[in-house]
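In what follows, a structure is listed as structure tokens, so that the remarks can point back to it.
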Amino acid sequence: ATAARGGTQSQGLRQLPGAADLQIKAEVPGAADVPIKVEATWVQNGVFPSQAPEMDVDVQYVGAAGWGTNYDHIPTPEMCAAMCQGIEKCNAYTWVKDAGLPGCPSQCWLMEGISEKRPLKGLVSGKPPTRKPFATPPASQGAASGSLYCFALMVPEGYEEGLLKWQHDNKAGIFGCDQAAVYSNTHIRIAPAVVTQVVNSTLKCGYGGDSMSALNAWIFIEVWRKLIAVGDYKKHDWVVKVDPDAVFFPGQVEQALVKYQGAGYINNCRYGMHGPIELFSSRAIDTLAEDYKLSWDGKAPKTCVTKMDFGQWGEDMFMDQCLSKILEVNPVPTDATLMCESHCDCNAWYWCNEGDDMVSYHPFKS
């Protein structure tokens, strides 16, 4: 199942607005005298190739008795269809283009059954694509690319623990690497042989910067300190940091890394390194470890924290700038197959079909 980045589940199931309740466009004085170009509610296959069955545009599906739920801030009916596909009991959906919400105003309604179909401007309805059976992805093979030490930072409250337990049970994500670890701020047993490494942090931070992203640089300064102190990464050639809500394929990353022997680390987006997946050579982390040693208490990489103004940065930008600009770790090639997410121009990330060489998709919250 998938929940969109920025998408939030509404509290309780409310009645889907009818024509009398949903104001699609305000009346404009003198509109009868002025030609107005009416924008289509949605053009299937217009923005990118659709993966959904044919949609009913300007049609509302009215849910029958039974299961149903809705999510706010879902930008396209394609994403709504993908969310329906990810929930086994979802058999239909209706997407509201403008539900009057702040920010992204759109809404996605998922339902088990349909009682009727009603013409209604501004809504798009349909049925999900056929669900595919789950197959365990190929694990790391210790190939010519070198071995992988993969880890995730887990917030103890919320959905991340469940995601990581599922990945462990299905030998997926970081648990398909040569060695995996989970970090958190308390001891949690993810599986019989997997207990979190504890970091000294509340794991709480503000949001800001140009993209209003998490200002979590100091959180990961502590995470990297703990990872260096544990030292397991030294047994491997590559260190891979993966967010719990990223769909990650270790087998694919090995294929990519064969091309980058000798690289310091690999950038995953033309706009700069993004945090859902980060790939570093063990040599890069060794260099970072030496900078930690220069600080009086060993709790931060001294040169990086004193020479950069990073108060409005996330951890991904901090690491990128610290390693490349301050510690001069290189070379740093860019590979767009490492990550598919909307913030790096991969707008149909939720279908997970950008090619057999795509290493990760982000974000999937359930």
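The values are calculated or read from the model by the stated rules, or taken from the named source; none is laboratory data. Only a predicted model underlies this, so the values are computations on that prediction, with no experimental measurement involved. Every residue, glycine as well, gets a Cβ built from its backbone with ideal geometry; the counts of neighbours run over all protein chains shown. Note: areas computed on protein heavy atoms with side chains; ligands, DNA, RNA excluded. Shrake-Rupley method; radii C 1.70, N 1.55, O 1.52, S 1.80 Å.
Taking amide H as placed 1.01 Å from N in the peptide plane, the amide H of Gln60 sits under 5 Å from that of Arg118, Leu120, each at least 5 places away or on another chain. Each residue, Leu101 and Trp296, gets one label point 7 Å from its Cα in the Cβ direction; the gap between the two is 4.9 nm.
One decimal place: the segment Met212-Thr136 gains 23.8 nm when fully extended, by the rule 0.36 nm per residue minus the C-alpha distance.
To put it simply, the accessible area of segment 277-366 at a 1.4 Å probe is 49 percent carbon and sulfur. Proximity of backbone amide H atoms, modeled 1.01 Å from N, is registered between Gln179 and Leu148, Cys150 at under 5 Å, excluding neighbours fewer than 5 places apart on the same chain. Each of His187 and Ala40 was given a label point 7 Å from its Cα along the Cα-to-Cβ line. The distance between the two points is 6.0 nm. To the nearest 10, the accessible area of Asp357 is 80 Å² with a 1.4 Å probe. Accessible surface for Asp169 stands near 110 Å², nearest 10, in the context of the full protein assembly shown (1.4 Å probe). FRET efficiency for the pair Lys307 and Arg283, taken as 1/(1 + (r/R0)^6) with r the Cβ-Cβ distance and R0 = 30 Å, rounds to 0.90. Within the listed set Gly262, Gly275, Gly355, the Gaussian network model of the chain (springs between alpha-carbon atoms below 10 Å) gives the highest mean-square fluctuation for Gly355. Of the options (1) 23.0, 75; (2) 29.9, 90; (3) 21.8, 73, only one is Rg and Dmax of the Cα atoms in Å as computed from these coordinates, and that is (1).
How large, in percent, is the carbon and sulfur part of the accessible surface of segment 67-171 at a probe radius of 1.4 Å? Summing carbon and sulfur atoms, their accessible area is 54 percent of the total for segment 67-171.
Protein-only accessible surface at a 1.4 angstrom probe places the residues Met212, Met83, Met317 in the order Met212, Met317, Met83, largest first. Using C-alpha pairs under 8 Å with a sequence gap of at least 6, the mean separation divided by the residue count of the chain gives a relative contact order of 16 percent. Rounded to the nearest 500, the 222 nm mean residue ellipticity of the chain from helices alone is -5500 deg cm²/dmol, with -39,500 (n - 2.57) taken per DSSP H run of at least 4 residues. Scanning the chain for cysteines with no neighbouring cysteine C-beta under 4.7 angstrom from their C-beta gives Cys104, Cys205, Cys352.
Across the chain, the longest run free of exposed loop sites, meaning chymotrypsin sites (Phe, Trp or Tyr not before Pro) lying outside DSSP classes H, G, I, E and B with no more than 15 other Cβ atoms within 10 Å, spans 160-270. Per residue, the accessible area of the chain comes to 48 Å², computed with a 1.4 Å probe over protein heavy atoms only.
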